[in-house]
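Here the structure is laid out as structure tokens; the discussion comes afterwards.
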Amino acid sequence: MISTQTSTGVWWGLIGVVAFSFTVPLTRVAVEGFSPLFIGAGRAVVAAILAALALALTRQRFPRGLQWFRLAVVAGGIVAGFPLLTTFALTSTSASHGAVVIALLPAATATVAVIRGRERPRPLFWVLTVVGVIAAVVFAVVQSGGFGSLHWSDLLLLGAVIAAAIGYAEGGLLARELGAWQTISWALVVASPVMMLLTVVSLGQGIPSATPIQWLSFAYLGVVSMFLGFFAWYRGLAIGPMAQVSQIQLVQPVMSIAWAGLLLGESMTWTTVVGGLAVILCAGAAVRVRLRK
């Protein structure tokens with residue numbers, strides 16, 4: 001029997017995952033009308049304004065000492081690194097392709113958490129993690145037409161996964177001290193000066209001449225993907241149990257691929273299906289092995 005508390009945590013977590021699942025497809029829409037630098041930096045500026053208002057209105061206490069440095073690590077991973085790298089990658093690859101590579105994120109986050117927390121998981125954890133990485137690399141190679149044709153966008157996507165994993169793992173630890181939504185809000189504020197500067201640089205050639213749909217996609221990335229989605233996601237993790245709620249993220253790439261087909265009309269190839277399933281299954285197995293006592 002699933003308790004009411006567990007059910008509530010799972011539903012909040014699912015809301016967060018649904019919100020995040022639109023990120024890759026809508027980024028693909030936005031890059032048709034904006035420069036990748038404007039999307040990656042500008043969405044963080046929008047979210048930082050909302051975060052600063054939320055922190056001020058609720059009168060949150062300021063972080064102290066080493067917490068500022070740790071917030072900079074979180075900001076570098078999930079405020080700057082992941083959005084910028086994925087946006088540049090999606091200028092030359094499909095949303096479904098990006099979603100499959102990004103499916104490594106749960107296993108990558110678990111790996112960083114293991115290293116950061118000095119855990120000693122069973123050898124099977126490392127085996128499954130490595131197999132998942134190999135599956136993602138093989139998928140990228142097959143889609144690109146061989147090692148000689150491997151595109152730079154795949155390297156950017158892998159870099160984005162590493163950046164987000166570091167940000168998520170450190171943010172998870174820091175959330176125990178500052179609070180869940182407070183951590184992402186402070187990270188957005190910490191990153192805001194650099195993100196504002198990059199946004200200004202991206203506007204050097206003038207205001208983008210994008211369509212209303214592209215502007216709406218950009219607004220979603222800033223308001224939901226970078227801010228409101230984290231409220232639901234972290235609320236679900238806080239209600240818990242975290243071990244069960246965190247595994248909901250494994251369905252995110254499946255949703256992203258589905259939205260890519262419905263919204264962008266991207267065709268579903270057998271390599272996408274097989275590659276996605278392989279990466280998701282390995283990631284899920286690795287996370288379960290790590291959580292199992």
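Read the figures in this text as sums done on the coordinates, not as results from a lab. Note that the structure is a prediction, hence the values are computed from the model and not measured. Please note: Cβ atoms are built from the backbone with ideal geometry, for glycine as well, and neighbour counts cover all protein chains shown.
Counting each DSSP H run of 4 or more residues in the chain as -39500 (n - 2.57), what helix-only mean residue ellipticity at 222 nm follows after dividing by all residues, to the nearest 500 deg cm²/dmol?
Values: 15 runs with 217 residues, N = 293.
After summing the helix terms and dividing by the residues of the chain, the value is -24000 deg cm²/dmol.
Taking the structure as given and computing Cα extents along the principal axes in Å, which label from (1) 45, 42, 34; (2) 65, 51, 38; (3) 72, 48, 32 fits?
Checked against the structure: label (1).
Do you know the relative contact order of the chain, to the nearest whole percent, from alpha carbon pairs under 8 angstrom that are 6+ apart?
Relative contact order, the chain: 44 percent.
Quick one: Karplus J couplings for the stretch 176-181, per residue in order, coefficients 6.51, -1.76, 1.60, θ = phi - 60°, nearest Hz, x for Gly and Pro?
Running phi through 6.51 cos²θ - 1.76 cosθ + 1.60 with θ = phi - 60° gives 5, 9, 9, x, 5, 5 Hz.
Counting pairs of alpha carbon atoms under 8 Å apart in space and at least six apart in sequence, what relative contact order in percent does the stretch 43-169 give?
The normalised contact order for the stretch 43-169 reaches 45 percent.
Farthest toward the dipole's positive end in the stretch 4-291, which of Ser35, Trp12, Ser209, given Cβ charges of +1 (Lys, Arg) and -1 (Asp, Glu) about the Cα centre?
Trp12
Would you mind putting 200-207, 26-33 in packing order, based on average other-beta-carbon counts within 10 Å, highest first?
26-33, 200-207
Work out the charge dipole of the chain with +1 on the Cβ of Lys and Arg and -1 on the Cβ of Asp and Glu about the Cα centre, then indicate which of Thr199, Ser225, Leu66 is farthest towards its positive end.
Result: Leu66, furthest along the dipole toward the positive end.
Note the full-extension length gain between Gln67 and Ser92 as 0.36 nm times their separation in residues minus their Cα-Cα distance, in nm to one decimal.
Taking 0.36 nm per residue and subtracting the Cα distance, the gain is 5.3 nm.
Could you order peptides 56-67, 248-259 by the average number of other Cβ atoms within 10 Å of their residues, highest first?
Values: 56-67: 10.6, 248-259: 20.9.
In decreasing order of mean packing, 56-67, 248-259 become 248-259, 56-67.
Give me the distance in nm between label points sitting 7 Å out from Cα along the Cα-to-Cβ direction at Met196 and Ala54, one decimal.
Between Met196 and Ala54, the label points sit 2.0 nm apart.
Place +1 on the Cβ of every Lys and Arg and -1 on the Cβ of every Asp and Glu in the chain, take the dipole about the Cα centre, and give the residue among Ala136, Pro123, Val101 whose Cα lies farthest towards its positive end.
Of the listed residues, the answer is Pro123.
Sorted by mean Cβ packing within 10 Å, highest first, what order do the peptides 44-52, 209-217 take?
44-52, 209-217
Could you calculate the FRET efficiency of Val274 with Val127 from 1/(1 + (r/R0)^6), where r is the beta carbon distance between them and R0 is 25 Å, rounded to 0.05?
Numbers: r = 20 Å, r/R0 = 0.81.
Efficiency at R0 = 25 Å is approximately 0.80.
About the Cα centre of the chain, what is the dipole size in debye to 20, counting +1 per Lys and Arg Cβ and -1 per Asp and Glu Cβ, all else neutral?
1040 debye
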